[in-house]
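Visitor: Dropping a structure here in structure tokens format, bear with me for questions.
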Protein chains: 2
Amino acid sequence: MIYADYNATAPVAEEVKQYLLERLDGPFANPNALHGLGQNISHAMEQCRNICADALDCYPEQIIFTSGASESISQVLFSTLAFARKNNSILTSSLEHAALKNGINFYAKKFNIDINQLAINSGGKALNFEIESPQLLATLIAAHNETGVIQDYLAFAQKMDEMQTPYLCDTTQLIGKCPFSFKKSNVDYAVVSSHKLGSLPGVGILIAKNPETLSPIIFGGGQEKSLRGGTQNYLAIECLGLVMSKLEKRVESFSKLESLKLNFEENLTSQIPGLQIIGAKEQRLSNTTLLAIPAIHGQAIQIELESHDIFVTTSSACSDNEPEISESLKAMGIEDDLGRGVIRLSFGEKTTQDDFNFINNAIIKAYQKLAIIKH
Amino acid sequence: MIYADYNATAPVAEEVKQYLLERLDGPFANPNALHGLGQNISHAMEQCRNICADALDCYPEQIIFTSGASESISQVLFSTLAFARKNNSILTSSLEHAALKNGINFYAKKFNIDINQLAINSGGKALNFEIESPQLLATLIAAHNETGVIQDYLAFAQKMDEMQTPYLCDTTQLIGKCPFSFKKSNVDYAVVSSHKLGSLPGVGILIAKNPETLSPIIFGGGQEKSLRGGTQNYLAIECLGLVMSKLEKRVESFSKLESLKLNFEENLTSQIPGLQIIGAKEQRLSNTTLLAIPAIHGQAIQIELESHDIFVTTSSACSDNEPEISESLKAMGIEDDLGRGVIRLSFGEKTTQDDFNFINNAIIKAYQKLAIIKH
């Protein structure tokens, strides 16, 4: 089996598995209990917070453990938009993940918030960060989940800071694949998804420059300094700490995919007429390729690849069920005919040169078969 | 070690551990991906939804997987209160868990919502469910986390239904310890916490009679029929399914604690002058004892018990850090002097007669030691 859907989720890492095999012998307790068992678990959790802060270059006090990146994003939207006054506006982009896009649309509709959209070039990169007045919130995804295009989020952060506009940066795909420093980024809010890093699903991080700007969306008994209620998912937090302690190594192993991937893309381009690598001219995540073959449906290719035990997706996992091409691709000016031919391959630290060769051959076979059907 | 803090969290069950030991070999995929791996995981998850629906006696469509009971509660509060108009009122009780209480206070303050409180008797039971007009929302915890007192939630549900008032019933402590049928209860919203049932932390259920009355609080790519965004915590959901398939057996084993506990309480009462069992006259959870010894601080007893490797708490885990006695105890008319002497013992399916004897002896020893210090 070749798994090439790391942007949707990364398989649970061997070290996480090994840790859990022992950890499941106990002890178990509520980390908020004052007895010794609970306190031990609480201390381990705080140790993990320190490790995460170290890996993300922020203060431990800036880390709130949530159930995942979508919750982290939703909490920032609630905090900044839910009690907004009329006539306020936000700055966002068509490149955002559904969690952010749907959340913004929800609050914008409820509170008549104006949505200003960043302009996007044909490579899927946001341009021109000039704004006339401070906004309620600004968002620009750090690295796009479909194209892998890395945005100028540092320049954007700088600009938003100058304009006194809080910046929520969706760093879900960037962190773990590229170096990231929260302190140096000047971003107001960043997010982490544990399962995208090879740890367990069900936990994530919200990093907030000023946590006091947040409201809880999940209420409880004072957990996470009253910013996130509910018993912490301590087992998954411990696993996240483990993965975070090796984040630098992970980034390094992902960077090694760059040359393998570019070579793979070059080979395919030379073999399939009209094949396009979306966003190829922009700086991209080393692990992501978004291919489009004109007039051949991405799902047909996906199914062909699956018959060779290769698992890819036609876009992000979350919008796989949508019949239309994604809003991000539309904003890039990609026509339906090409956009429907899209398949996303996202590789991981275990992807080898042999895997790339095997996928290359399988795509060529799929193309040959489907091109014949088409004509 | 004797663990007597099951109401805070139940240790991960052996069957969950065994399941995970194999499950962690994979496969892993995003359940929202359209490829075969993702679809297999999605199917397993839907199977778990069916199992949960069966165990809770509701329709699978009424089940939304969340990160836990606190999130489930918070989603109902957001859905019913966040966009409320002025001059609306809600009916609630001083017996509610902090997740609910703090959430209600938050929205009540933001939107000037009037809070009507149910009257409570000295045994910790809510009385008199008459209301004059429909409310935005009514809440009454099914079984109290500290006293274990089981409320007349079925009668309350009936009354609220007549008064066209949606009823959010915090069933966190009841489910798994008492028989529960969502359909028969006539409750509008009920909640489940996985880790209280011996499964993993980080997952829970919101059961909604009419899911279309809900707004998401966590936005995403259409997961859970667009009512709860974010990649589902599928590993924990599978484990929850496993535990839910044996829910009836769990309830049965908890019911066996009743006679052991009553015997234990009787012994203690006869040995410690002035000792009170809070709520003893009311119907209670079979596993819960809330003891109070006048003028002896609960935390002192807790520490003494811990020296015998017995783990109990002074109240709910979430409010262990509060110096004051809990609002619920205050509402019952319990004086500070007695309230500070409170310790909560909550037993589980593994608690034996020997454990009860051992705890009994340890409490007597602690009492003798602390009573001497006091005088």
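Visitor: From A:Val251, A:Val192, which residue is crowded, with 23+ Cβ neighbours inside 10 Å and either more than 9 Å from chain B (Cβ to nearest Cβ) or touching a Phe, Trp or Tyr at 6+ places or on another chain (Cβ under 9 Å) (or both)?
Guide: Working: A:Val251 fails: crowded, with 23+ Cβ neighbours inside 10 Å.
It is A:Val192.
Visitor: Conditions: (1) of a type in the set (Ser, Thr, Tyr); (2) closer than 25 Å to B:Asn145 by Cβ; (3) surrounded by 18 or more Cβ atoms within 10 Å (Cβ to Cβ). B:Ser42 meets all but one. Number of the miss?
Guide: That leaves (2) as the condition not met.
Visitor: With respect to the numbered conditions (1) hydrophobic (A, V, I, L, M, F, W, C); (2) in contact with a helix residue (DSSP H, G or I) (Cβ under 6 Å, 6 or more places away or on another chain); (3) facing another protein chain (nearest Cβ under 10 Å), which one is the sole condition not fulfilled by A:Leu37?
Guide: A:Leu37 satisfies every listed condition except (2).
Visitor: Moving on. Going residue by residue through the stretch B:162-181, is there one that turns out to be closer than 26 Å to B:Gly241 by Cα, over 14 Å from the mean Cα position of the chain (by Cα) and part of a helix (DSSP H, G or I)?
Guide: Within the stretch B:162-181, not a single residue is closer than 26 Å to B:Gly241 by Cα, over 14 Å from the mean Cα position of the chain (by Cα) and part of a helix (DSSP H, G or I).
Visitor: Touching a Leu at 6+ places or on another chain (Cβ under 9 Å) and within 8 Å of another protein chain (Cβ to nearest Cβ): which single residue out of A:Ser93, A:Ser74 fits that description?
Guide: When all the criteria are applied, what remains is A:Ser74.
For every residue, the table says whether it meets (1) over 30 Å from A:Gly221 (Cα atoms); (2) touching a Ser or Thr at 6+ places or on another chain (Cβ under 7 Å); (3) at the interface with chain A (Cβ under 9 Å from one of its Cβ atoms); (4) not charged (D, E, K, R).
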position: B:Tyr3; (1), (2), (3), (4): no, no, yes, yes
position: B:Thr9; (1), (2), (3), (4): no, yes, yes, yes
position: B:Leu24; (1), (2), (3), (4): yes, no, yes, yes
position: B:Ser70; (1), (2), (3), (4): no, no, yes, yes
position: B:Ala98; (1), (2), (3), (4): no, yes, yes, yes
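Visitor: If I ask for residues that are farther than 15 Å from B:Thr213 by Cβ and polar (S, T, N, Q), which ones from the stretch B:43-73 would you list?
Guide: B:Gln47, B:Asn50, B:Thr66, B:Ser67, B:Ser70
Visitor: Quick check, is B:Lys125 basic (Lys, Arg) and in contact with a Gly (Cβ under 8 Å, 6 or more places away or on another chain)? Walk me through how you get there before you give the answer.
Guide: Details: basic (Lys, Arg): yes; in contact with a Gly (Cβ under 8 Å, 6 or more places away or on another chain): yes.
The answer is yes for B:Lys125.
Visitor: Let me ask something additional. With the requirement that a residue be over 21 Å from the mean Cα position of the chain (by Cα) and either surrounded by fewer than 20 Cβ atoms within 10 Å (Cβ to Cβ) or part of a strand (DSSP E or B) (or both), what does the stretch B:64-81 give you?
Guide: none
Visitor: Identify, please: which residue in the stretch B:329-342 is in contact with a strand residue (DSSP E or B) (Cβ under 6 Å, 6 or more places away or on another chain) and closer than 11 Å to B:Pro294 by Cβ and is, among those, modelled with the highest pLDDT?
Guide: B:Val342
Visitor: Could we say that B:Ile120 is under 27 Å from A:Arg228 (Cβ atoms) and surrounded by fewer than 24 Cβ atoms within 10 Å (Cβ to Cβ) here?
Guide: no
Visitor: Is there a residue being of a type in the set (D, E, K, R), modelled with pLDDT of 85 or more and within 17 Å of the chain's Cα centre (by Cα) anywhere in the stretch A:311-328?
Guide: Yes, some residue in the stretch A:311-328 is of a type in the set (D, E, K, R), modelled with pLDDT of 85 or more and within 17 Å of the chain's Cα centre (by Cα).
Visitor: Read through the list (1) away from chain B (no Cβ under 14 Å); (2) of a type in the set (Gly, Ala, Ser); (3) surrounded by 24 or more Cβ atoms within 10 Å (Cβ to Cβ), then give the number of the only condition that A:Gly103 fails.
Guide: Unmet for A:Gly103, out of (1) away from chain B (no Cβ under 14 Å); (2) of a type in the set (Gly, Ala, Ser); (3) surrounded by 24 or more Cβ atoms within 10 Å (Cβ to Cβ): (1).
Visitor: Select from the stretch A:195-235 the residues that are buried (at least 24 other Cβ atoms within 10 Å of the Cβ) and of a type in the set (Ser, Thr, Tyr) and write down the one among them that is farthest from the other protein chains (Cβ to nearest Cβ).
Guide: Taking the candidates together, the pick is A:Ser199.
The values are calculated or read from the model by the stated rules, or taken from the named source; none is laboratory data. This structure is a prediction, so every number in the text was calculated from the model and none was measured. Counting neighbours? That spans all protein chains shown, and the Cβs are built from the backbone with ideal geometry, glycine included.
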